[in-house]
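Comments concern the structure below.
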Amino acid sequence: MKKAIAVLLAVVQFTGCSFFVGSKQKVTVTTNIETAQIYANGELVGTGRASFKAKRNQDMQLMAKADGYQTAFHHIDTKLSTAGILDLIGSFVWLVPIFGLFSSGSKQLDEQNVALNLETAK
């Protein structure tokens, strides 16, 4: 039992919080046209409304298109996540948490819910 506790404490001390965060996060995209095809980074993810898991440490380009309408685009940037901020602060106290900044959990997408409005083609 003492060995298990010692190993657990070592793991917690020698990693950052970001290692415990998943590498993907949920993104929901809706459009004003039910037949609009929704693409995320060039991959079809749904029609009209789509919910999917996206890599949290990678910018995302969204696109929605439908016949008779102008194609709508939206870009989502990444930012430092709460866990990443905690790793950064922890690095000033104990250097080891800085390794958490190298994991995908240290970032997150700026937006999780996006509405794309398609306008009638002229």
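The values are calculated or read from the model by the stated rules, or taken from the named source; none is laboratory data. Quick caveat, the model's predicted, so the values are computed rather than measured. As a convention, Cβ positions derive from the backbone with ideal geometry for all residues, glycine included, and neighbour counts pool all protein chains shown.
Laid out as a table, the results:
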item: Residue, surrounded by the most Cβ atoms within 10 Å (Cβ to Cβ), within the range 6-37, restricted to residues that are among the hydrophobic types (A, V, I, L, M, F, W, C) and modelled with pLDDT of 65 or more; result: Val29
item: Test: residue in the range 38-45 that is at pLDDT below 95, surrounded by 13 or more Cβ atoms within 10 Å (Cβ to Cβ) and either assigned to a strand (DSSP E or B) or among the polar types (S, T, N, Q) (or both); result: no
item: Extreme residue, modelled with the lowest pLDDT, among residues of the range 46-64 that are within 10 Å of the chain's Cα centre (by Cα) and either farther than 15 Å from His75 by Cα or charged (D, E, K, R) (or both); result: Arg56
